1. Residue by residue through the stretch 109-122, what is 3J(HN,Hα) from phi via Karplus (6.51 cos²θ - 1.76 cosθ + 1.60, θ = phi - 60°)? Round to whole Hz and write x for glycine and proline.
2. Just report the Cα centroid separation between the stretch 71-85 and the stretch 16-56, whole Å.
3. For helix 130-145, what angle does its Cα long axis make with the longest principal axis of the chain, in degrees from 0 to 90 and rounded to 10?
4. Return one number: the angle in degrees, 0 to 90 and rounded to the nearest 10, between the long axis of the Cα atoms of helix 39-50 and the longest principal axis of the Cα atoms of the chain.
5. Note the count of lysine pairs whose C-alpha atoms are less than 13 angstrom apart in the chain, limited to pairs 8 or more residues apart or on different chains.
6. Classify the chain as rounded, prolate or oblate from the Cα gyration tensor: take a ≥ b ≥ c as the square roots of its eigenvalues, call it rounded if a/c is under 1.5, otherwise prolate when a/b beats b/c and oblate if not.
7. Students sometimes get this wrong: rank Leu65, Leu27 by accessible area, probe 1.4 Å, all chains present, largest first.
8. DSSP loop chymotrypsin sites (Phe, Trp or Tyr not before Pro) in the stretch 1-93 with at most 13 other Cβ atoms within 10 Å of their Cβ, which ones?
Amino acid sequence: MMAKIVHGASFIGALSYVNDKRKGAKLIAQSSGVFTVNTASIVNSMLIQARMSSRTTKPVSHLILAFSPHDASRLTEEKMARIVHDYMKRMGYEDCQYVAFVHKDRRHPHVHIIANRVNSLGMCIKDSNERYRSTKICKEMPKEYEIDGERYTIDEEDVNTIRNELDGDT
């Protein structure tokens, strides 16, 4: 299990990418405070909360959890949802809005999480040492969820596509 974290300014760009039915996208987890009727309603929910912090210029956090192809048969959508909620709590996003979509466009199971870095009190979640914390969490969780701890890399081309989506219009 490994994670990749990218920050950006566009909820619409990020959510359009992760909720793309051509990628086999399916909503598997969400926090409270997100209206999930469609992409527009998710974006509106998150924009309302993001505007609580006028100083935050990049309120979007796009986190990708990638699992080993060996875990495909062990990772049900319910188990991935539990992993997402646990991961987000450990990362300090428990008071933030987020949605998680599983994609089925690669041979390895992976989940895209779009999170609002502005929490319910209008405070921006600090990103210092975020990658270090994430790496540590990704090393701990496989034992707890009985999955392979093998690191699985995320294509740099995918990351560049994600960055472009995140830098679009809010």
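The values are calculated or read from the model by the stated rules, or taken from the named source; none is laboratory data. Being a predicted model, the structure only gives us computed values, none of them experimental. Cβ: placed from backbone, ideal geometry, glycine included. Neighbour counts: every protein chain shown. The area values use the complete protein model at the heavy-atom level, side chains included, leaving out ligands, DNA and RNA. Shrake-Rupley method; radii C 1.70, N 1.55, O 1.52, S 1.80 Å.
1. Those phi angles translate into x, 8, 10, 9, 10, 10, 10, 8, 6, 8, 7, 5, 9, x Hz.
2. Comparing the Cα centres of the stretch 71-85 and the stretch 16-56, I get a distance of 20 Å.
3. Between helix and principal axis, roughly 40 degrees.
4. 60
5. Values: Lys4/Lys136; Lys21/Lys104; Lys23/Lys104; Lys26/Lys104; Lys58/Lys126.
Lysine pairs, 8 or more places apart or on different chains, close enough: 5.
6. Numbers: a/c = 1.63, a/b = 1.40, b/c = 1.17.
Prolate, since a/c reaches 1.5 and a/b exceeds b/c.
7. Values: Leu65 0, Leu27 60 Å².
From most accessible down to least: Leu27, Leu65.
8. On the way: sites: Phe11, Tyr17, Phe35, Phe67, Tyr87, Tyr93; in loops: Phe35, Phe67, Tyr93.
Sparse-neighbourhood loop chymotrypsin sites (Phe, Trp or Tyr not before Pro): none present.
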